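**Q** Quick one: structure below, then a few questions.
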Amino acid sequence: MNHQFPTLFSPCRIGNVEIKNRICKAPQTTGLSHMDGTVSSRLVRCYEDLAKGEVGMIIVEYAFVDRDCSKSASNQLGICDDEYIVGLGWLADTIKNYDCVPCIQIEHCGRQRFLGPPMKSASPNPWPLMYERYGQAAIPSELTIEEIHQLIEDFGRAALRAKTAGFQVVEIHGAHGYLITNFLSPFTNQRKDWYGGSRENRFRFLEQVFKRCKEYVGEDFPIIVRLSGTDYEPGGMTIEDTIYYAKRLEELGCAAIDVSGGDHHQMIHQVTPMQIPIGHNVWAAEAIKKEVSIPVFATGSITQPEFAEEILASGKADFISMGRPLLADPYWAKKAMEGHPEDISPCIRCNEGCLDRGNHLGKSINCTMNPLLGFEDALALKPAEHPGKIAVVGGGPAGLKAADAAALRGHQVTLFEKRKLGGYLHEASYPEFKADIRDALNYLITQVKKHGVTVVEKEAVLEDLDGFDGVIVATGASPAGLAVPGADRPNVTLAVDVLCEEAPKPTGKIVVIGGGLIGTETAVLFGQNPDNQVTIVEMLPEIMNGCSDSDHTIYREMIREHHIQVFTSSRVMEITEEGVIIERKGKRELVKADHVFLATGMKSNRGLYDQLKEKGCRVINVGDSLNTGKIYDAVHTGYKAGWKI
């Protein structure tokens, strides 16, 4: 028994399949298959690490069931023909080699087809994002009865292929706005035949799919179903609907219910960002578990083993299904099992790599905290051929990651930091709605301390770096400020300077100049106080330029909630005793302010790097001192510097 997490590491069964612990890898598309959907070596290698990492079951990403319209994205895994069985068998056997149960999710994308038209769904109402992108062509064709019957057969044959390939469990994707959900939810199902209208009718397609799959694989082979507790759509699927579907599925012989939430239109409820509390959809799993006797999976921002143990021990679910946390660290389970949860590279729910720089760009998946994802062999750390003395200047995320990677390769590493380890991660994680970043901060500092990096608390100058065999410069960036009259007034403060416990908290009329990520978050932080009147002034036509889709969605909601005023296409002309004078639409106006905060961007601190380069030193520039960016850029450039120096 694992004494730290006894429930999490106890065995459990799904049907007749025993699973060694309660941790399952949730299905997430990786984009690592070949373009035709066949299994690639990159895909197998990615899942191999997850299996080595001691998860109990891996639910392999969604696989499309026909060659017509079920494929959603580029390089998506396929299961629509017998020719896929060889590659799928390779994948399943690799997972089983490590005493891990292989499961695969089968799906049809319905109206959520990133590849564009043609699209087919329960009814002809489009996904808004696709309608913006493709116009009328994004309106899906309503499936005919004949097409529905064919799809039922396609799902059944796909389940049989999974069994033939060696998968021990099959999951039917009935969540997240894909085709089956298009039938289940009244938000997307306006049919007038026996597949629409009543709850029973909306369930009929899933019922027939499930029955056909069971006919093909046999009664003893476990089939599970993923459902959204609710799609969070106005007039959409309620928890009462989902409880009904779960109970019906249990009657049909379903082996377990995997409970998630949301759809692609409500992505912040499906792939929750850090601004939303952890365990966002656990309530739905708990509600369903009270109504069924088969195992129930809880999922949604369960990032730490302590929280996972609490959910299981309190009886809210039987399994924990995790997606992003196992991308951030495929050895999450192994580290928790061996009593080293502090060594888990944490998911900070930034959605930067897994969504914004991955699927949303049509690229393969990657992760802010895990630069190896998809490059498990190519970027693996190897002992340095000539271990030497390496200096890292700057202890922000880039410097910490570089120092750790270099130390793991056998270098003798000295890290110079004049302030405190973590750099601007301290300010970035100060608001409670960004608390996840504290996990990254603690992890990066812990690894540096564990791996023998010497930390020198001073600002390094050229003389300090004599005698080192190489230098990694991670000196970060500084606030750009604002060159206008009145910018030096006593009530004008840099936004980053107030993002700490010690700073006084302003009240009254507040103007934040700059509507990028720092400015928006500062405004939201102050806007939480109902006594404040907060205004954002941004010179560009839109705020949050370059921010993630999740940030756009959640911060716009928070701006509305806290009644924050936003002036875009507005240039600051002067800061006076009364407030901020701006120019917009060709006219000047005063925005009254008691306090003004500058969030006008950051500029790279390249001075030391340029000096070292001119001196002919072996030097690598990383993080914000290379180019101002996000935590993703800092961690990735830092890791790669330590990997190659």
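The values are calculated or read from the model by the stated rules, or taken from the named source; none is laboratory data. Just so we're clear, the structure is a prediction, and the values are computed from it rather than from any experiment. Methodologically, a virtual Cβ is constructed for each residue, glycine included, from the backbone with ideal geometry; neighbour enumeration extends over all protein chains shown. Surface areas here come from the heavy atoms of the whole protein model, side chains and all, with no ligands, DNA or RNA. Shrake-Rupley method; radii C 1.70, N 1.55, O 1.52, S 1.80 Å.
**Q** Under the rule of -39500 (n - 2.57) per DSSP H run of 4 or more residues, summed and divided by the residues of the chain, what mean residue ellipticity at 222 nm is obtained, to the nearest 500 deg cm²/dmol?
**A** For the chain, the value works out to -9500 deg cm²/dmol.
**Q** Can you tell me which aspartates and glutamates have their Cα less than 17 Å from the Cα of K587? Leave out same-chain residues fewer than eight positions away.
**A** Cross-link targets: E538, E574.
**Q** Let's see if you can work this out: charge +1 on each Lys and Arg Cβ, -1 on each Asp and Glu Cβ, no other charges. What is the dipole magnitude of the chain about its Cα centre, in debye to the nearest 20?
**A** 620 debye
**Q** Which order do the peptides 560-570, 81-91, 157-167 come out in when sorted by mean C-beta neighbours inside 10 angstrom, highest first?
**A** Put in order of decreasing packing, that is 157-167, 81-91, 560-570.
**Q** Here's a follow-up. For E171, which sequence-distant residues (separation of 5 or more, or a different chain) have an amide H within less than 5 Å of its own amide H, given hydrogens modelled in the peptide plane?
**A** When sequence neighbours closer than 5 places are left aside, the close amide H contacts are I104, Q105, I106, I224.
**Q** If ligands, DNA and RNA are left out, what is the accessible area of R324 with a 1.4 Å probe, given in Å² to the nearest 10?
**A** Probe radius 1.4 Å; accessible area of R324 about 30 Å².
**Q** Let me ask you something else. Specify whether the C-alpha gyration tensor of region 459-576 places it in the rounded, prolate or oblate class, a ≥ b ≥ c being the square roots of the eigenvalues: rounded for a/c under 1.5, otherwise prolate if a/b is larger than b/c and oblate if not.
**A** It comes out prolate by the Cα gyration axes.
**Q** In degrees from 0 to 90, rounded to the nearest 10, what is the angle of the helix 631-644 Cα long axis to the longest principal axis of the chain?
**A** The angle comes out at about 80 degrees.
**Q** To continue, here is another question. Once both axes come from the Cα atoms, what is the angle between helix 41-52 and the longest principal axis of the chain, in degrees from 0 to 90, rounded to 10?
**A** 90 degrees
**Q** In what sequence, highest mean first, do 524-531, 469-476 appear when ranked by Cβ atoms within 10 angstrom?
**A** Packing order, densest peptide first, comes out as 469-476, 524-531.
**Q** Can you tell me which aspartates and glutamates have their Cα less than 16 Å from the Cα of K644? Leave out same-chain residues fewer than eight positions away.
**A** E376, D377, E385, D404, D469
**Q** Can you run phi through the Karplus equation (6.51, -1.76, 1.60; θ = phi - 60°) for region 505-510 and list ³J(HN,Hα) in whole Hz, with x for Gly and Pro?
**A** Along region 505-510, the couplings run 9, x, 9, x, 8, 10 Hz.
**Q** From the convex hull of the Cα coordinates of region 133-270, what is the mean projected area in square nanometres?
**A** Result: a mean projected hull area of 8.9 nm².
**Q** Please quote Rg/Rh for region 537-624 to two decimal places, taking the Kirkwood radius as Rh and restricting both calculations to Cα atoms.
**A** That ratio equals 1.15.
**Q** Still on this model: Can you list the residues, at least 5 places off or on another chain, whose amide H is less than 5 Å from the amide H of I472, using H built in the peptide plane?
**A** A391, V392, V393, I620
**Q** For the cross-link pairs K418/K615; K192/K316; K71/K211; K458/K630; K120/K214; K71/K289, which exceed 27 Å when the distance is taken from alpha carbon to alpha carbon?
**A** Pairs exceeding 27 Å: K192/K316; K71/K289.
**Q** Shifting gears a bit: State whether the chain is rounded, prolate or oblate according to the following rule on the C-alpha gyration tensor (a ≥ b ≥ c being the square roots of its eigenvalues): a/c under 1.5 gives rounded; otherwise a/b larger than b/c gives prolate, and the remaining case gives oblate.
**A** oblate
**Q** Which angle from 0 to 90°, rounded to the nearest 10, does the C-alpha axis of helix 145-165 make with the longest principal axis of the chain?
**A** The angle comes out near 80 degrees.
**Q** Sequence-distant or interchain residues sharing an amide H contact under 5 Å with I58, placed H: which?
**A** It is K25, V101, C103, by chain and number.
**Q** How would you classify region 381-437 from its alpha-carbon gyration tensor, with a ≥ b ≥ c the square roots of the eigenvalues: rounded for a/c under 1.5, else prolate if a/b is greater than b/c, otherwise oblate?
**A** oblate
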